[in-house]
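Below: one structure, written as structure tokens.
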Number of protein chains: 2
Amino acid sequence: MTDRQAAIQGDDVLSDSDRRGLYKVLLSRRDVRGQFLPDPVPDEVLARVLVAAHYAPSVGFMQPWSFILVRSPEVRARIKSAFEAANDEAATMFEGDRREIYRSLKLEGILEAPINICVTCDRDRSGPVVLGRTHIPTMDLYSTVCAVENLWLAARAEGLGLGWVSIISEPALKEILGLPETVVPVAYLCIGKVSHFFARPELETKGWRKRLDLAGLVTLDRWEGERSADLSHELMKAQIAAESGGLA
Amino acid sequence: MTDRQAAIQGDDVLSDSDRRGLYKVLLSRRDVRGQFLPDPVPDEVLARVLVAAHYAPSVGFMQPWSFILVRSPEVRARIKSAFEAANDEAATMFEGDRREIYRSLKLEGILEAPINICVTCDRDRSGPVVLGRTHIPTMDLYSTVCAVENLWLAARAEGLGLGWVSIISEPALKEILGLPETVVPVAYLCIGKVSHFFARPELETKGWRKRLDLAGLVTLDRWEGERSADLSHELMKAQIAAESGGLA
């Protein structure tokens, strides 16, 4: 084998089965808040899920992420209090019926899930000048979010539910977890086995917001540009397929 | 079937084959800059890739993303100029050898790829108060990045290369694509069939930066907290498996 051959992916065409697997995982992924079981997650499974995150794309190959596994009941109790304080503030921002619905939603599983993971972004990981971050300074945060999405998909494939807790103050999270000034807590995640996965997002089922038509979100060449009739037709077909459970 | 059954995913345990498919896609995904072929991408394939993006998680089910398909040669020429201006500035930020290597890297495929897509985030998509965005205002940008990562994985599964062009000024992108004040161009992507995919990230092969050991990035309960010896062992095993091409 030449160096050039070694440098290239041999099985460069993925199979239909791999592709179907990906789409199945993408479409069955949910934000889980209420169905966690106390069963422990084996280290071997957790390791695969974290490797999936670590192989996310990163700007300048910076790999700015770290993962704090939060298992201590004391630390979790403090996180839960920080959530509750933020959630009480949040509820007052909605009016009338919306406030009632908001109050009725379960929005986290901090104490029930067997594992919590904080995914952080170390903005100094590879020095002050980072290839690809020179003009869009948030690129390292975006890379970290790609790692979160990979982690989420791998968790679903392993049969684990995951919920992203975003109703919490960043300074509180930083203080509780002892993060240095230059490290951002990008995502606080609750992970574990679940009794079941819902067929649709809970906010959709509960009437909070509808799934948008994708064809209305795609334009040509500029914001509010023209649309391609052929592509719009294919988008509608593919979205109907996704709603009935299968993209292939 | 009861309402409750209908609301729950029937085939809630994904198969080993689905899981292997996901990991294969995750590990073979690359940031592609130089191997684009001019072949058109069928609308049917493009539609599946965009649906994959649209089924990403979003804060408060906000779905803040839109997709601008940039096919016009005039618009692409303007984007390419904006890249070149930024790239010249970027090169001066590196010193000595690093500047030489930087200059030698091909960092975009704006004109060669058959499709460019700008993925945007409309921060006003669902009014000023968004469930889950009340305390971390960047959550809608993060949701949009999840859509980008889904799109990237689906593209790889469909045999399409994708490269994220981040060396460009956001105000220039906004002006060229006519984005309103409240819409952020989160990612500018080049997509198309490719002659081949590299086995490893180009920045790794070219010695820009090494792949980090994941076990060094995982701690318990706090930043620089303790490590679990058992988990570290599993992380090392899983990373070796990933490097030799297979997580299962």
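I need the inter-copy label distances for B:GLY225: point set 7 Å along Cα to C-beta, values in nm with one decimal, smallest first.
The answer, with the shortest distance listed first, is 4.8 nm.
Treating segment B:1-109 as a set of equal point scatterers at the Cα positions, no solvent, please give the Debye-formula log₁₀ I(q)/I(0) at q = 0.11, 0.13, 0.17, 0.23 Å⁻¹.
The computed values of log10 I(q)/I(0) come out as -0.69, -0.89, -1.21, -1.35.
Comparing B:ILE79, B:ILE68, B:ILE191, which has the greatest mean-square fluctuation in the GNM of chain B with Cα pairs linked when under 10 Å apart?
Between B:ILE79, B:ILE68, B:ILE191, it is B:ILE68 that shows the largest mean-square fluctuation.
What percentage of all Cα-Cα pairs in segment A:30-208 are separated by more than 23 Å? Mind dumping the intermediate values first?
Numbers: 7223 of 15931 pairs.
Roughly 45 percent, rounded to a whole number.
For segment B:74-151, just run the numbers: alpha carbon Rg, then divide by 2.2 N^0.38 Å, N being how many residues it has.
On the way: Rg = 17.6 Å, N = 78, 2.2 N^0.38 = 11.5 Å.
Compared with the compact-globule rule of thumb, segment B:74-151 sits at 1.53.
Show the residues, 5+ positions off or on another chain, whose built amide H is closer than 5 Å to the amide H of B:PHE198.
Amide H to amide H, under 5 Å and 5 or more residues apart or across chains, B:PHE198 pairs with A:GLN9.
Taking chain A as a Gaussian network, where each spring joins two C-alpha atoms under 10 Å apart, which residue of A:ARG19, A:ARG227, A:ARG125 fluctuates the most?
Of the options given, A:ARG227 has the highest mean-square fluctuation.
Within a Cβ distance under 15 Å of A:LEU151, other residues only, what is the Lys/Arg minus Asp/Glu net charge?
Values: positive: A:ARG29, A:ARG30, A:ARG48, A:ARG156, B:ARG19, B:ARG29; negative: A:ASP31, A:GLU149, A:GLU158, B:GLU149.
Neighbour charge sum, excluding A:LEU151 itself: +2.
On average, how many beta carbons from a partner chain sit within 10 Å of the beta carbon of a residue in B:201-210?
Numbers: counts 4, 2, 7, 1, 1, 1, 0, 4, 9, 2.
Per residue, the average neighbour count from other chains is 3.
Can you order the peptides B:95-101, A:167-173 by their average number of other Cβ atoms within 10 Å per residue, highest first? It would help to have the intermediate numbers written out before the result.
Details: B:95-101: 11.1, A:167-173: 19.4.
In decreasing order of mean packing, B:95-101, A:167-173 become A:167-173, B:95-101.
Quick one: Cα centre-to-centre distance for segment A:20-44 and segment A:118-139, in angstrom?
29
Give the shape of the protein assembly as shown as rounded, prolate or oblate, defined through the alpha-carbon gyration tensor: a ≥ b ≥ c are the square roots of its eigenvalues, a/c under 1.5 means rounded, and otherwise the shape is prolate if a/b is larger than b/c and oblate if not.
On the way: a/c = 1.35, a/b = 1.19, b/c = 1.13.
In terms of gyration-tensor shape, rounded.
Can you return the lysines within cross-link range of A:LYS174? Criterion is Cα-Cα under 23 Å, with same-chain partners fewer than 8 residues away left out.
A:LYS80
What's the local net charge at B:GLY109, with K and R +1, D and E -1, over the other residues with C-beta under 13 Å away? If you can, show how the numbers build up before the last one.
On the way: positive: B:ARG30, B:ARG33, B:ARG76, B:LYS80, B:LYS106, B:LYS193; negative: B:ASP31, B:GLU108, B:GLU112, B:GLU202.
Net local charge, B:GLY109 excluded: +2.
Can you pull the mean other chain C-beta count within 10 Å for peptide A:88-99?
On the way: counts 0, 2, 7, 1, 1, 5, 3, 1, 0, 0, 2, 0.
For peptide A:88-99, the averaged partner shielding equals 2.
Considering the dipole of segment A:30-208 built from charges on the beta carbon (Lys and Arg +1, Asp and Glu -1) around the Cα centre, which of A:PRO40, A:SER66, A:ILE79 is farthest to its positive end?
My answer, from the dipole projection, is A:PRO40.
Provide the FRET efficiency to the nearest 0.05 for the A:GLU224-B:LEU111 pair, computing r from the beta carbons and using R0 = 30 Å. Numbers along the way, then the final one.
On the way: r = 25 Å, r/R0 = 0.82.
Using R0 = 30 Å, I get an efficiency of 0.75.
What FRET efficiency comes out for the pair B:HIS233/A:ASP124, r = Cβ-Cβ distance, R0 = 30 Å, nearest 0.05? Please report the intermediate quantities before stating the final value.
Details: r = 29 Å, r/R0 = 0.96.
According to the calculation, E is roughly 0.55.
Per residue of B:226-235, how many C-beta atoms from partner chains lie within 10 Å of its own C-beta, taken as a mean? Before the final figure, lay out the partial values.
Numbers: counts 0, 1, 4, 0, 4, 6, 2, 3, 9, 9.
Going residue by residue through B:226-235 and averaging, the value is 4.
Rule-based calculations on the coordinates, nothing more; no lab input. Since the model is a prediction, treat every value here as computed from it, not as a measurement. Positions of Cβ are backbone-derived with ideal geometry, glycine not excepted, and every protein chain shown enters the neighbour counts.
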